[in-house]
1. Do you know which residues across the range A:45-56 are farther than 16 Å from A:Asn180 by Cα and assigned to a strand (DSSP E or B)?
2. Check A:Asp251, A:Asp227, A:Asp240, A:Asp260 and return the single one that is open to solvent by 60 Å² or more (accessible area, probe 1.4 Å), charged (D, E, K, R) and not in a helix (DSSP H, G or I).
3. Give the number of residues within the range A:477-496 that are part of a loop (DSSP other than H, G, I, E, B) and not basic (Lys, Arg).
4. Restricting attention to the range A:385-429, which residues are more than 8 Å from chain B (Cβ to nearest Cβ), of a type in the set (Ser, Thr, Tyr) and either on the phi > 0 side of the Ramachandran plot or in contact with a Gly (Cβ under 9 Å, 6 or more places away or on another chain) (or both)?
5. Which condition number in (1) open to solvent by 20 Å² or more (accessible area, probe 1.4 Å); (2) farther than 18 Å from A:Ala331 by Cα is the one that A:Glu425 fails?
6. Which of the residues spanning the range A:497-521 are part of a helix (DSSP H, G or I), of a type in the set (Gly, Ala, Ser) and over 25 Å from the mean Cα position of the chain (by Cα)?
7. Given (1) in a helix (DSSP H, G or I); (2) within 29 Å of A:His153 (Cβ to Cβ); (3) more than 36 Å from the chain's Cα centre (by Cα), where does A:Ala75 come up short, assuming only one miss?
8. Keeping to the range A:19-44, report how many residues are buried (at least 22 other Cβ atoms within 10 Å of the Cβ) and either part of a strand (DSSP E or B) or among the basic types (Lys, Arg) (or both).
Amino acid sequence: MSWLANLTQTYNNNILSVGRFETKKNGREYALIPVSHTTQTAHIEVHLDGKGNFSTAYVRDKVEGSTIIPCTEAAASRTSAPVPYPLFDKLLYVAGDFVQFCGDVKGTPYEDYLAQLKAWCDSSYSHEKVQSVYEYVRKGTLIADLVAEGILHVDEQGKLRDKWAPAPSQEASEKPPIFNVLASDQSSAFVRFAVNIPGDPEARLWRDIEVQQLFVQFYESSLVDMDICYVTGEILPVADKHTSRIRHSGDKSKLISANDSVGFTYRGRFRTSREAASVSYMASQKGHNALKWLIDRQGITIDGKVFVVWGNQRLDLPEPHQDALELREAAQELEDYDEDREFEEDFDVDAYGDNSSNSGNPAPAGDTTSKAFAREIKKAIDGYRYDGEHYAHITIMVLDAATPGRMSITYYQDLNHEDYLDRLEKWHTSCYWQHRYRKDKDNHWTTFTGAPATRDIAFAAYGPRASDKLVKGLMERILPCIIEVGRELPRDIVRSAVQRASNPVGMETWEWEKTLSIACALVNKENEKEGFDVGLNTETTDRSYLFGRMLAIADVLERRALGREEKRASNAIRYMNAFAQRPGRTWSIIQSNLQPYQAKMGTDARYYNSLLDEVGAMLNLEDYTDKPLTGLYLLGFYSQRNDLYTSKKAKEATGTSDTQQGEDNDTQEEN
Amino acid sequence: MRNQIEFKVYGNYALFTDPMTKLGGEKFSYQVPTYQALKGIVESIYWKPTIIWFVDEVRIVKPIQTESKGMRPIEYNGGNTLAYYTYLKDVCYQVKAHFRFNPHREDLAYDRNEHKHHNIAKRAVNVGGRRDIFLGTRECQAYVEPCLFGEGEGAYDKVPEIDFGTMVHGMNYPDETGRNEREVRLWRAKMYNGIIRFDRPEECTLVRSIGEGTSKAFHTDNMKSVDELHDEWFEGRDTV
C-alpha cells in the first residue's frame, strides 16, 4: 500500500488512542493527535464559569502544559503574519486589552480570533463551553484579570514587564512562576481555557473529546475545495498545506510540500502543484498525525534520520537494529509482563558477588552451541507470532531530510508479518558470533550469542568515535540485509571491521575484543554457506582459518608462559596486523619469538607444540605463502582460542588441572 | 493474441515517482510501475502515431526493494540543491501489451497494415527496442528481452493479493482521446499472485482534468509509412 494510505489506515486502526496522552520512559508525553488539532505548550490556564465569567487562573509548567489545541491549516503554517488558532492561543490573539498593556500590534489578531471563534459558536457544531469562552474573551479584559489575579506583572507605567526585576522594596519576594515557564517576555504567554459547569466532570476544554469532535466537524464543513484524493481515490475536500514538525516539535521539514519557484520538480506537463497531485485534508491529517505518533512512540532517531517499524495489527515489534540480547530481553518482558522482577533479584546470589568485580559472567552452558542458541532466538521471535494474524503486515520506514524544509522517505518496506519475523530470525542465526561486550539489564557483563546491534557494527567498522552521520548511513545500508532476501552485506563494512580487528595494538583490550567478535559475526554472515560456528572446526583446510588457529595457539602459549601478572600483549597479538597481510613471513617471526616461552614452559608446552604441528600439517604446502588472509582467519583465531580455554575449563571441572589455567581464562575475558 | 508482444524489462534501479512526493522534489517511487510508465517502455520499443499501445498485464518478478540516493538536482537559477531520491532496486518485470489503430488518426489510414506493424514490433522486441528504455525516469536505464509471459519463478507467485491503494494509472493525451484536454487517470492497483491486470484507460473512472492540449499533425512528410519501413527491415522476406 502507498505510504500515506498505510499511515491513514494505522490512524483508523488506533482510533481509540486518539487524544490520549501516554508517557515515554524519559517522562515525555506524546499522543495520537486528533484530526485538525496540534499540540502546544500552554503557560496560563484560565478557568471560567458557564456564563463566561472569570473565576481563577494558574501558571502551568512545561510538563503540565502540553495541550492538544484545535488548529486550522492556515494557523498550522503561520509564520510572521498573525493567524489565530481557533480556541486557544497566545495573549496577542486572545486578549482584547493586549494593546493597552503591550503596545501596538501588526494587523488585527484579536478581531480575527474573535471572528473565527464566533463563526464556530454560530454554527451548528457549537458547544456550551466554547460559547462561554467566547462570551468571556469578547469582554476584552483578559490581561487585566490576569494582572489582578497576580499571574501577570506590570511595571510602573502599567505595561507588562519584560523580565522580572524586583523593586528594592520587595527584594525578598520570590520570582513569580510565570517568569520560570516563559522563555521570552510575558506577552508571548500561551493561554488555554477550562470551563467549570456544574454536573460536567470534564472542565478542561483541551481534554474534552466532544469539543474536539465538534471542532473537527465544524472545520470539515468549512472546507469547500473538492478534488480527487490521491490517497483514498474519493472526491473529498483537499488539503492546501501539509503538516510539518513530523520528527520533533522543532522540525520544519515536510513530506509533502510544493516549491516549484526554484527547482524543476513538477512543471512541464503541470503548471500548478494542484495539477500534479491533490491529497484530501483528512488523509493528510490522519497520515501525518499517525506518523508523528509512531515516531514519538517507537522511532529511533540518529542525526535527524528516523527509523520506525510498526505493524498494522500490533504496533510493537522486534526492531531490526537490536542485538540478540535486546531481542531476547524484549521477548522476555513480553512473556512475564507482570512477574515480579524485584523478587527475583533479591534471591540472585551472583548479583552481589559480581557487582564489584568487572569480570565476565560465566557463559550459560548451552549458549555456545549453535543449536541451543538458534532455539533461543527462535523462542524470542516466536513471542511475537500470534495466531490468526497471517495477513497482518508490518511497515519499515526511514525518513531523512537532505535540506531543511523538505523530508524524504529514504527507505520503505511493506512486509507480511510472518515474513518479517522469519527474516529477523534468519539474520540473528546467520550473522552471529559469541559476544562478551554487553551488560544485561541487571548491569552484569554477559556472554551472548547472536547478531550484534547495527550501531555496534558501525563502531566496529569505523571506530568508537564514528560520527552520527556515519552511524546512520551504515544503519540504513545494513537494514536491507536484515529484512530483505538475498542482500549481501556491504563489502566495505566487513573489510573495514576485519581490518580494525586485525590491529589489536591500537585499542584497549575490551574494545578489541568487541571489534573482534563483531567482525567474526560479519565474516560468518559473509561465509554463510560454509556454516562456520563458534565451536572449533577441525575439519576445514581453509588456509586463512588454519593460519588463524596457529595465531591463537601462539597467543595462548605465550599468555600462559607470561603468567597472570604480566599484562603486556603477546607477540602473536602484536604481529597480528602484519600476520594478516603477510602470514608466511610473519609466522616465522612469531615462531622464533615464541621459542623462549616454549623453553620456559618446558614440558608444559608439549600440548601446544603438538597442536601447532597438527594444524601446520593440515596446511597445504602451496598455501604457506605471503598472500593476505581473508576474514576467515579471525574465525579460526577466535574459535581456537575459545577452544583452548574452554577445554581447560572442562578439565578444571573434573578436578585434574592446575588453577593457573583457569585464571588465564579470566584475564582473557576481562574487559 | 493478435497484435500482442510479450517481453521482459529489467534494470538496476527504477523510479516511478509518487506524485505526492514530486511536488517538493524529494522523489519517492511507487512500489510498482504505473500503466503510463510501461506504455512509455512499449512505445520506446516501437511506436508510430498510427497505433495505440495497450498494456494488458505486468508481472512483478523480483521482490520490491527500495534504496535512496543523494541527488543534486539543478535549480532554475543554475545552482544546485540537495535531495534524496528513493528508487526501487533491482527490478524485473514481464509485460504483455497489444496495439490497436488510433481511431482519431483518420489522416494516417494509409499506414494501417496490421501484419506489418506487428512484425516490426516483434522484431523491435528481439533487438531490445528501437529507442533506449528506461524505468520511470531517464536515469534508470533498462533492458528489454523477449520472453514468455509468466515463465520462470516470481517473488510474489504465492502471494494471493497485495493492494497498492490508489495510484496514478496514466495520462490522457488529445491524440488518443480526441478531446482537446490533458487528463490524469487514477485507479486502485491490486496484484494477484504477482500479476497486475490493468484497467483499460477508458475504463478508469477517476479522471482529473489538468489543462488543454492539441494533437500534433502527422502526414507523409514527417513520418515514414509502415510499408517503407517493413521493406527496409525485412527486405521482402517472409515474416510469418
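The values are calculated or read from the model by the stated rules, or taken from the named source; none is laboratory data. Quick caveat: nothing in here was measured; it's all calculated off a predicted structure. As a convention, Cβ positions derive from the backbone with ideal geometry for all residues, glycine included, and neighbour counts pool all protein chains shown. When the accessible area is computed, the model is the full protein with side chains, heavy atoms only, and any ligands, DNA or RNA have been set aside. Shrake-Rupley method; radii C 1.70, N 1.55, O 1.52, S 1.80 Å.
1. A:Val46, A:His47, A:Leu48, A:Asp49, A:Phe54, A:Ser55, A:Thr56
2. Working: A:Asp251 fails: open to solvent by 60 Å² or more (accessible area, probe 1.4 Å); A:Asp227 fails: open to solvent by 60 Å² or more (accessible area, probe 1.4 Å); A:Asp260 fails: open to solvent by 60 Å² or more (accessible area, probe 1.4 Å).
Unique residue meeting the criteria: A:Asp240.
3. 6
4. Once the filter is applied, which keeps residues that are more than 8 Å from chain B (Cβ to nearest Cβ), of a type in the set (Ser, Thr, Tyr) and either on the phi > 0 side of the Ramachandran plot or in contact with a Gly (Cβ under 9 Å, 6 or more places away or on another chain) (or both), the range A:385-429 yields A:Thr395, A:Tyr420, A:Thr429.
5. (2)
6. If the condition is that a residue be part of a helix (DSSP H, G or I), of a type in the set (Gly, Ala, Ser) and over 25 Å from the mean Cα position of the chain (by Cα), then A:Ala501, A:Gly506 are the ones that fit.
7. Every condition holds for A:Ala75 apart from (3).
8. The total comes to 3.
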